[in-house]
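The values are calculated or read from the model by the stated rules, or taken from the named source; none is laboratory data. Please read all numbers here as calculations on a predicted model, not as lab measurements. Cβ placement follows ideal geometry from the backbone for every residue including glycine, while neighbour counts extend to all protein chains displayed.
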Amino acid sequence: MSRLVMKFGGTSVANIERIRNVARHVERERKSGADVAVVVSAMSGKTNELVGWCAEASRLYDPREYDCVVASGEQITAGLLAIVLQDMGVPARSWQGWQIPILTSQSHGSARIAHINADAIIEGFASRGEVAVVAGFQGLHKESGRITTLGRGGSDTSAVAVAAAIGADRCDIYTDVDGVYTTDPRIVPKAKRLDRIAFEEMLEMASLGAKVLQVRSVELAMAHKVKTYVRSSFDDPLDPKAGTLICDEEDILEQQVVTGIAFSKDEAQITLRKVVDHPGVAAAIFMPLAEANINVDMIIQVASENSGVTDMTFTVSTADFERAKSILHKLQPQIGFESLNGAMEVVKISAIGVGMRSHAGVAAMAFKALAEKGINIRAITTSEIKFSVLIEAAYTELAVRTLHTLYGLDKA
Ligand code: ADP
Ligand code: ASP
Ligand code: MG
């Protein structure tokens, strides 16, 4: 018998009618002879509401209690789907993260899955033909006995991890779009669904802002060779359509130079003006940030001539912006800089494609096309299969559309 994990995101379980629709998808797969573990998110908007309540309750809340609160959204949908499945005559039971258990690290709010004991789920398949409805997003830190959560979008990761643990033949991620697109279809109506995308490209797309899959889920799928398929929960359960398979690069026949465009508004720019330019200055700036667990992404140092000072521009995530500024202000006398400017209204636009490995000048084309639209580039980074530019946020749509057309993706 084949084994399948089916994951349904927030919009797909937004109300009882949609949960019934989800149950019909599950019923179809069971009738075709698969043992099914379903992973569900909270109803759409629920997690935001729970996060909001924590913030309202206290400015500095205990992260263990935050996890206790935000994990509850998934508890509800797991129970509801089990009820609906039972009502349809499909044997099913819900599983909370701590019941399986899905063991994680202790990093509350962004825990990593360490181990899943899938014995009880597999036993349920074998002896009762039971669908396991697993609450996504949540886990257990064994030593402290506390509930943890995996970070926003974490149910994707729960799904891939459960798939690896039960040895599933496939992990289907059902969402509100019918696959992975060349860019966010909400921003570019001309975006095209990809039949296949390489793991590495999906990893870059996700880390550079395409939130269709959580980054960690792609890492896990890649490491454990989980065949992951992104598809729509809004398809007719009796006649589902194609989605996007995340697969090895070798399994993609026709490879474009650029596969997709991603963007992230979760970026803030900091510029230190007239930094005293001597060996060790970069370390003096970035070590304290690293020690405070602040990730620095793009870095530009303006080459100094003979003035003995330089300008240093870099980006941090918006969540770390205030903290980073305050650390640097405190260290101003030690580092030696004249002023600090910050900007939140920026966006990072990235183009991704394994074809970039073998093609020169891919990024240069983008710089020219953006310049022609009057878009100023504040920072650039490149690596083997992607490049990113930092620009003013007001130009997000124009820049994404420009690059989408430039690389021939409108007609992909
Ligand atoms: P779920 O609640 O099912 O987990 P998400 O909202 O987390 O769904 O992810 C799906 C959304 O991701 C889509 O509605 C779409 O707007 C967005 N998205 C961003 N980039 C892409 C992309 N390249 N392809 C498909 N969807 C994308
Ligand atoms: N409900 C969680 C969130 O909104 C997890 C998820 O949907 O994947 O982040
Ligand atoms: Mg999601």
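If you check K7 against the conditions, is it among the basic types (K, R), within 16 Å of ligand 2 (Cβ to nearest atom) and at pLDDT 95 or above?
Spelling it out, K7 is indeed among the basic types (K, R), within 16 Å of ligand 2 (Cβ to nearest atom) and at pLDDT 95 or above.
Collect the residues in the stretch 347-377 that are at pLDDT 95 or above, outside any helix (DSSP H, G or I) and either surrounded by 16 or more Cβ atoms within 10 Å (Cβ to Cβ) or on the phi < 0 side of the Ramachandran plot (or both), keeping them in residue-number order.
If the condition is that a residue be at pLDDT 95 or above, outside any helix (DSSP H, G or I) and either surrounded by 16 or more Cβ atoms within 10 Å (Cβ to Cβ) or on the phi < 0 side of the Ramachandran plot (or both), then V347, K348, I349, S350, A351, I352, G353, K373, I375, N376, I377 are the ones that fit.
Being within 15 Å of ligand 3 (Cβ to nearest atom) and crowded, with 19+ Cβ neighbours inside 10 Å narrows it down to one residue among V180, V162; which is it?
After applying the criteria, what remains is V180.
Criterion first (hydrophobic (A, V, I, L, M, F, W, C), modelled with pLDDT of 95 or more and over 23 Å from I385 (Cβ atoms)) does A191 satisfy it?
Details: hydrophobic (A, V, I, L, M, F, W, C): yes; modelled with pLDDT of 95 or more: yes; over 23 Å from I385 (Cβ atoms): no.
Answer is no for this residue.
Which number in (1) closer than 12 Å to I270 by Cβ; (2) surrounded by 14 or more Cβ atoms within 10 Å (Cβ to Cβ); (3) not hydroxyl-bearing (S, T, Y) marks the one condition that M344 misses?
Here M344 meets the rest and fails (2).
Starting from residues that are within 14 Å of ligand 2 (Cβ to nearest atom) and charged (D, E, K, R), keep the ones in the stretch 172-228 and report whichever is nearest to the chain's Cα centre (by Cα).
Taking the candidates together, the pick is K211.
Looking at A159, is it within 16 Å of ligand 2 (Cβ to nearest atom) and either under 27 Å from Y66 (Cβ atoms) or among the aliphatic types (A, V, I, L, M) (or both)?
It is true that A159 is within 16 Å of ligand 2 (Cβ to nearest atom) and either under 27 Å from Y66 (Cβ atoms) or among the aliphatic types (A, V, I, L, M) (or both).
Going through V218, V230, V258 one at a time, which residue ends up being within 25 Å of A399 (Cα to Cα), aliphatic (A, V, I, L, M) and either within 16 Å of ligand 3 (Cβ to nearest atom) or buried (at least 16 other Cβ atoms within 10 Å of the Cβ) (or both)?
Being within 25 Å of A399 (Cα to Cα), aliphatic (A, V, I, L, M) and either within 16 Å of ligand 3 (Cβ to nearest atom) or buried (at least 16 other Cβ atoms within 10 Å of the Cβ) (or both) holds for just one of V218, V230, V258, which is V258.
Among the residues of the stretch 1-58, how many are buried (at least 19 other Cβ atoms within 10 Å of the Cβ), among the acidic types (D, E) and either within 16 Å of ligand 1 (Cβ to nearest atom) or not in a strand (DSSP E or B) (or both)?
Qualifying residue count for the region: 1.
Among the numbered conditions (1) among the hydrophobic types (A, V, I, L, M, F, W, C); (2) in a helix (DSSP H, G or I); (3) within 24 Å of the chain's Cα centre (by Cα), tell me where F387 comes up short.
(2)
Would you check which residues across the stretch 318-334 are surrounded by 14 or more Cβ atoms within 10 Å (Cβ to Cβ) and in contact with a strand residue (DSSP E or B) (Cβ under 7 Å, 6 or more places away or on another chain) and list them?
Within the stretch 318-334, T318, F321, A324, K325, L328 meet the criteria.
Residues of the stretch 138-155 being among the hydroxyl-bearing types (S, T, Y), under 14 Å from I113 (Cα atoms) and more than 16 Å from ligand 3 (Cβ to nearest atom), which ones?
T148
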